[in-house]
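Here's the structure, in structure tokens; my notes come after.
The values are calculated or read from the model by the stated rules, or taken from the named source; none is laboratory data. Only a predicted model underlies this, so the values are computations on that prediction, with no experimental measurement involved. FYI the Cβ positions are ideal-geometry reconstructions off the backbone, even for glycines, and counts take in every protein chain you see. Keep in mind that these areas ignore ligands, DNA and RNA; they rest on the heavy atoms of the full protein, side chains included. Shrake-Rupley method; radii C 1.70, N 1.55, O 1.52, S 1.80 Å.
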Amino acid sequence: MTRKQIVILGGGTGGTMVANRLSRRLGLDEAEIHVVDQDNSHVYQPGLSFVPFGLAQVDEIVRPRRRQLRRGIVFHEQEVVSVWPERSEALLANGDVLPYDVLVVATGAVLQPEETDGLTGPGWNERVFTFYTPDGAESLRWALEDWGGGRLVVNLIDMPIKCPIAPLEFAFLADWHLRELGMRNRSELVFATPLDGAFTRPVASEQLGALLKEKEIELVTEFNACEVDGVGGKLTAYDGRKLDFDLLVTVPLHGGGAFVERSPGLGDSLGFVTTDKQTLQAAVQPNVFALGDATDLPTSKAGSVTHFEAGVLVENVVRFLTGRELATGYDGHANCFIETGFHHAVLIDFNYEVEPLPGHFPTAVGLPLLRDSWVNHLGKLAFQWVYWHALLPGRPLPFLGSRMPTAGKDLDLAQQA
Ligand SMILES: Cc1cc2nc3c(=O)[nH]c(=O)nc-3n(C[C@H](O)[C@H](O)[C@H](O)COP(=O)(O)OP(=O)(O)OC[C@H]3O[C@@H](n4cnc5c(N)ncnc54)[C@H](O)[C@@H]3O)c2cc1C
């Protein structure tokens, strides 16, 4: 094989993993690998859920991107302006044009708080917050420190969002935090969601809904928020319902990167890359692949998903470069730890076809699924180390292949759901 040029757009979870795995697989003599990202700060995003409660500091969850890439990978700290799929070229903000044999789009999802009326108006970062950015998580931390109690509304404006369980996790952790401070009897907690239950999938939704009830967190469903009054403390839905708040913690709308819209044929109307759900090849051209939050795939936007996709994507990039048929190996596998407070967490594991079900992961002996447990909490804490030291460097993880394991799951329940 002649030396191929592989360009990876985005140096977050997916871009870094894919670059390192390809570099291990192909070596410098076979491929020149370029990673483009607009900044040099890699955030371990699951850690953002802990920052508002003082359980993590921002500087503990951020590392330089460049240092996460193996030697020989070329890093460009530049914004991507557009891609010309017909010419197999990417244009960067400094005017550089990167030609490629293979392009991997891993530019994630973009928060769009300005798309909701009033959200970033008066009260933003004073009474209305999001913990989805390091700055937002830190501002919320100071607000919670000063908070004397009242009505705290947790809301997601609309799907899709990164990590659909993160707002739920925030509500559970807020309950714990307020109880620890002896302020729970002076506080009301409300979880307002556009979904018809606590989560997207029926079995998990029922179990997580029961946990909200147990923790006295009010669940408001089918609440499609359209307007925020940060001064008056009101969140309004399209159907006219209003929720009063003293503190609003919201997850803004998400979209794909603006450059996707400037790149002919690359994405859909939301800016997400149109991607084959099994091979991860983009629809626009055979030499374009995509993974992670940037895709339009019907699975969760999550780091675990990005990790499982990376295995299939790397295999298919190599197959593509060597003229072989692509593997249809991605099954939609997703896996999430949901912190529930009091040093406990719930674990869910599912794919395109199979709901999150009770049982154990990854085999009949393993972490309990859909059960609030201390062991799962340890799993979530350990994951940060695994992220920096195994996942990002592209080292294989025993028992964690791309496909969803079925051993240990109560599959009969899937038929009933
Ligand atoms: C609060 C929170 C909690 C979470 N908790 C979990 C969890 O518990 N478990 C889990 O599995 N997942 C969790 N996630 C989701 C997880 O972090 C993401 O799904 C994952 O990082 C997606 O990886 P990615 O590579 O697709 O995108 P990212 O890691 O976001 O990387 C995208 C990169 O592209 C770059 N980029 C974008 N546009 C451009 C451009 N035009 N030019 C140059 N560079 C560009 C960005 O700077 C960024 O570095 C959480 C997310 C949040 C916000």
- Do we find a residue being in contact with a Pro (Cβ under 9 Å, 6 or more places away or on another chain), closer than 13 Å to Leu156 by Cβ and not in a strand (DSSP E or B) anywhere in the range 211-221? yes
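Given the criterion at pLDDT 95 or above, under 29 Å from Ser49 (Cβ atoms) and part of a helix (DSSP H, G or I), identify the matching residue among Glu309, Glu339.
Working: Glu339 fails: part of a helix (DSSP H, G or I).
Just one listed residue meets the conditions, Glu309.
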- Name the pairs: first residue in the range 21-46 and within 19 Å of Arg67 (Cβ to Cβ) and part of a loop (DSSP other than H, G, I, E, B), second residue of a type in the set (S, T, N, Q) and within 15 Å of the ligand (Cβ to nearest atom), Cβ to Cβ under 7 Å, at least 6 apart or on different chains? Gln38/Gln78; Tyr44/Gln384
- Scanning for something more than 16 Å from the ligand (Cβ to nearest atom) and more than 27 Å from Arg24 (Cα to Cα), does the range 378-396 turn up at least one residue? no
- Task: Please enumerate the residues belonging to the range 222-236 that are in contact (Cβ under 8 Å) with a residue 12 or more places away in the chain, open to solvent by 60 Å² or more (accessible area, probe 1.4 Å) and not in a loop (DSSP other than H, G, I, E, B).
- Result: Glu227, Asp229
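Would you check which residues across the range 14-42 are farther than 30 Å from Thr2 by Cβ and open to solvent by 30 Å² or more (accessible area, probe 1.4 Å) and list them?
So in the range 14-42, the residues farther than 30 Å from Thr2 by Cβ come out as 38-42.
Answer for the range 14-42, where residues must be farther than 30 Å from Thr2 by Cβ and open to solvent by 30 Å² or more (accessible area, probe 1.4 Å): Gln38, Asp39, Asn40, Ser41.
Based on what the data block shows, is Pro160 more than 20 Å from Lys242 (Cβ to Cβ), at pLDDT below 95 and buried (at least 19 other Cβ atoms within 10 Å of the Cβ)?
Details: more than 20 Å from Lys242 (Cβ to Cβ): yes; at pLDDT below 95: no; buried (at least 19 other Cβ atoms within 10 Å of the Cβ): yes.
No; evaluated as a whole, the condition is false for this residue.
Taking the stated definitions as given, is Ser49 within 12 Å of the ligand (Cβ to nearest atom), open to solvent by less than 10 Å² (accessible area, probe 1.4 Å) and of a type in the set (S, T, N, Q)? Working first, answer last.
Details: within 12 Å of the ligand (Cβ to nearest atom): yes; open to solvent by less than 10 Å² (accessible area, probe 1.4 Å): yes; of a type in the set (S, T, N, Q): yes.
It is true that Ser49 is within 12 Å of the ligand (Cβ to nearest atom), open to solvent by less than 10 Å² (accessible area, probe 1.4 Å) and of a type in the set (S, T, N, Q).
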- Note on the structure: Checked pairs for the range 291-309, first more than 18 Å from Pro356 (Cα to Cα) and of a type in the set (Asp, Glu), second near the ligand (Cβ under 8 Å from one of its atoms) and in a loop (DSSP other than H, G, I, E, B), C-beta under 7 Å and 6 or more apart or across chains, list as Asp293/Gly108; Asp293/Ala109; Glu309/Leu291
- Is it true that some residue in the range 58-65 is away from the ligand (no atom under 11 Å from the Cβ), open to solvent by 30 Å² or more (accessible area, probe 1.4 Å) and in a loop (DSSP other than H, G, I, E, B)? no
- Message: Can you find, within the range 96-117, the residue that is farthest from the chain's Cα centre (by Cα) among those that are within 14 Å of the ligand (Cβ to nearest atom) and over 30 Å from Phe129 (Cα atoms)?
- Response: Asp96
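Please list, ordered by residue number, the strands (runs of 3 or more DSSP E) wholly in the range 86-156 having 1 or more residues that are open to solvent by less than 10 Å² (accessible area, probe 1.4 Å) and polar (S, T, N, Q). Full working, then the answer.
Working: elements: 89-92, 97-99, 102-105, 150-156.
Fully inside the range 86-156 and qualifying: 150-156.
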- Message: Please go through the range 264-274 and give me each residue that is touching a residue at least 12 places away in the same chain (Cβ under 8 Å) and surrounded by fewer than 23 Cβ atoms within 10 Å (Cβ to Cβ), ordered by number.
- Response: Pro264, Gly265, Asp268, Leu270, Thr274
- Given the conditions (1) open to solvent by 40 Å² or more (accessible area, probe 1.4 Å); (2) in a helix (DSSP H, G or I); (3) closer than 21 Å to Ala334 by Cα, every one holds for Pro167 apart from (1)
- Query: So, in the range 316-336, of the ones that are more than 16 Å from the ligand (Cβ to nearest atom) and of a type in the set (Val, Ile, Thr), which residue ends up surrounded by the fewest Cβ atoms within 10 Å (Cβ to Cβ)?
  - Reply: Thr322
- Message: Tell me whether the range 77-84 contains one or more residues that are open to solvent by less than 30 Å² (accessible area, probe 1.4 Å) and under 22 Å from the mean Cα position of the chain (by Cα).
- Response: yes
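Being farther than 29 Å from Pro356 by Cβ and either more than 18 Å from the chain's Cα centre (by Cα) or aromatic (Phe, Trp, Tyr) (or both) narrows it down to one residue among Arg179, Arg151; which is it? Break it down stepwise before answering.
On the way: Arg179 fails: farther than 29 Å from Pro356 by Cβ.
Exactly one of Arg179, Arg151 is farther than 29 Å from Pro356 by Cβ and either more than 18 Å from the chain's Cα centre (by Cα) or aromatic (Phe, Trp, Tyr) (or both), namely Arg151.
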- Query: For the range 337-370, how many residues are open to solvent by less than 10 Å² (accessible area, probe 1.4 Å) and either free of Cβ contacts under 8 Å to residues at least 40 places away in the same chain or in contact with a helix residue (DSSP H, G or I) (Cβ under 7 Å, 6 or more places away or on another chain) (or both)?
  - Reply: 10
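Please verify whether the range 2-17 includes one or more residues that are assigned to a strand (DSSP E or B), farther than 17 Å from Ala310 by Cβ and within 9 Å of the ligand (Cβ to nearest atom).
The answer is no, given that none of the residues of the range 2-17 is assigned to a strand (DSSP E or B), farther than 17 Å from Ala310 by Cβ and within 9 Å of the ligand (Cβ to nearest atom).
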- Task: Could you grab me the full set of residues in the range 255-280 that are touching an Asp or Glu at 6+ places or on another chain (Cβ under 6 Å) and of a type in the set (Asp, Glu)?
- Result: Asp268
- Task: Go through the range 289-306 and give me each residue that's crowded, with 24+ Cβ neighbours inside 10 Å and of a type in the set (D, E, K, R).
- Result: Asp293
